[in-house]
Amino acid sequence: MTGIVVVVGSLNVDLVVGVDRMPDPGETVLGRSLERHAGGKGLNQAVAAARLGAHVHMIGAVGSDEAGSWLRGIVDDEGINGAAITTVEGPSGTALIEVDTAGMNRIVVVAGANGAVTPEQVTAAIAALDDVAVVLTQGEVPLDSIAAAMAAGRACGARTMLNPAPVRDYPDSLLALVDVIVPNEFEAAHLTGLATETLVDASEAARHFADKGIPHAVITRGARGAVWASPLSSGSVEAFSVSPVDTVAAGDAFCGGLAAAIAADETFADALRWASAAGALATLGAGAVPSLPTLEAVEALLAEH
C-alpha cells in the first residue's frame, strides 16, 4: 500500500488553439482548431499521479461557474479525493494555450479561483490526513499557500516537492522547506541566475539547488532528458524517444510520475525513470488531462527499454 500524495495546486479550464506557427508580436494568424480541456498544473499532476496508482488528495479551489462543476466532476472521475477543493464566487482558473504543428506550446494563465487558496485551508487539510508520503505543489496558487503546503508536509513527515512553475520569486524561506525541486531549464535559469542550455550548464544549476540545502534537484530538459543533483551525487536521465503531438502537460506528467513513484517507495533513480516515461507518453496526445498516461502504458514503455 502506497502512502498518500497530496497535491496543492490549480484547476483550470484550458482553451487550446492549434496554429501552424506562433504569431509574432502584433501579428494575427489563423488558428486550425479550438478545444476545451481540463488542466491547471495542480489538476494535471494530481491526475498523473492517480493514473500511476497513487492514492491522491487534492487541495485547491474552483469558481462558482459551470467550469467549476465540470472540473469537480473530472476530479471525481479520476478517483481523486477532492474534499479539500473549495468553491468560491467568481470564475474558475483559465489557461489560453497555443500549440503549433511541432507540438510546442505557449501559455497564458488567468488565476481566477486559484488565487483564493489559503494557507489555513492547506494546513488544515494536510493535518487531517494520515500516512501522507508526498506533498506536491506548483506556482499557480498564492505563495503563502505554497509555503504552507511545504511546512505542513514537513510537519507530517512527508517528502515535499515543488514544481516552481510558472517562474516566480520563490523566497529562500520557502525553498528551505523543499525536499525535491523540479524546475524546467528556463525556470532553473531564472531561479539560479545560471545558464542551463548545455548538459554541463544544467548540471551546475542543479548543483546550485543542492548546495542551498535542497536534498534533490531535478531539472527537466524536454527531449534532452533531465539532470539531477543531491548534496552527495548527481547524474542525468535520458529522455524516451517519441514523436510529440503536443507537449502541454509533459512536465506535469513528469512531476506526477515522480511523486507517485516516491510514494510507492521506489528508489530515486527508478522514480526518475517512471517520471521520464510518463513525461514522454504525455506528448503523444492532445490537451493536458486527456494526454496523461496510465500505469500500464508507463510500465510497457519501461519494459521496452
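Only helices enter the 222 nm calculation for the chain: every DSSP H run of n ≥ 4 contributes -39,500 (n - 2.57), and dividing by all residues gives -11000 deg cm²/dmol, rounded to 500. Listed peptides 43-52, 74-83, 100-109 appear in the order 43-52, 74-83, 100-109 once ranked by packing, highest mean of other Cβ atoms within 10 Å at the front. In this structure, the amide hydrogen of residue 85, modeled 1.01 Å from its nitrogen in the peptide plane, lies closer than 5 angstrom to those of 60, counting only residues at least 5 positions away or on a different chain. Amide H contacts for residue 140 (H built 1.01 Å from N in the peptide plane; partners 5 or more residues away or on another chain; cut-off under 5 Å): 10.
Full extension from residue 72 to residue 35: what is 0.36 nm times the residue separation minus their Cα-Cα distance, to one decimal in nm?
Fully extending the segment from residue 72 to residue 35 adds 11.4 nm.
With K and R counted +1 and D and E -1, the other residues having a Cβ less than 15 Å from that of residue 196 yield a net charge of -2.
Expressed to the nearest 5 percent, the antiparallel share of DSSP beta bridges inside the chain is 40 percent.
Please give the Cα centre distance for segment 1-78 versus segment 217-260, rounded to the nearest Å. Centre-to-centre (Cα) distance: 20 Å. Amide H to amide H, with H built 1.01 Å from N, residue 132 comes under 5 Å of 4, counting only residues 5 or more places away or on other chains. Shown in residue order for segment 170-180 are the 3J(HN,Hα) couplings computed by the Karplus curve 6.51 cos²θ - 1.76 cosθ + 1.60 at θ = phi - 60°: 7, x, 4, 5, 6, 4, 5, 9, 9, 8, 9 Hz (x for Gly and Pro). A simple rule links phi to the HN-Hα coupling: the Karplus curve 6.51 cos²θ - 1.76 cosθ + 1.60 with θ = phi - 60°, which for segment 23-40 gives x, 6, x, x, 9, 10, 10, 8, x, 8, 7, 9, 10, 10, 10, 6, x, x Hz, with x for Gly and Pro.
Rounded if a/c is under 1.5, else prolate if a/b beats b/c, else oblate: with a ≥ b ≥ c from the C-alpha gyration tensor eigenvalues square-rooted, which is segment 37-190?
Rounded, because the longest to shortest axis ratio a/c is under 1.5.
For the chain, averaging the sequence separation of C-alpha pairs within contact (under 8 Å, six or more residues apart) and dividing by the residue count gives a relative contact order of 18 percent.
Computed 3J(HN,Hα) for segment 284-300, one whole-Hz value per residue from the Karplus formula 6.51 cos²θ - 1.76 cosθ + 1.60 where θ = phi - 60°, is 8, x, 8, x, 8, 4, x, 8, 6, x, 8, 4, 4, 5, 5, 4, 5, glycine and proline marked x.
Could you list 185, 89 in order of exposure, starting from the residue whose Cβ has the fewest other Cβ atoms within 10 Å?
89, 185
Is the chain best put as rounded, prolate or oblate by its Cα gyration tensor, with a ≥ b ≥ c the root eigenvalues, rounded for a/c under 1.5, and otherwise prolate when a/b is larger than b/c, oblate when not? Since a/c stays below 1.5, the shape of the chain is classed as rounded. Note on residue 238 and residue 15: the extension gain reaches 77.1 nm, defined as 0.36 nm multiplied by sequence separation minus the Cα-Cα distance.
Here, each number is a calculation from the coordinates, and none is a lab measurement. Just so it is clear, the model here is predicted, and its values are computed rather than measured. Neighbour counts are summed over all protein chains in view; Cβ atoms, including those assigned to glycine, are modelled from backbone coordinates with ideal geometry.
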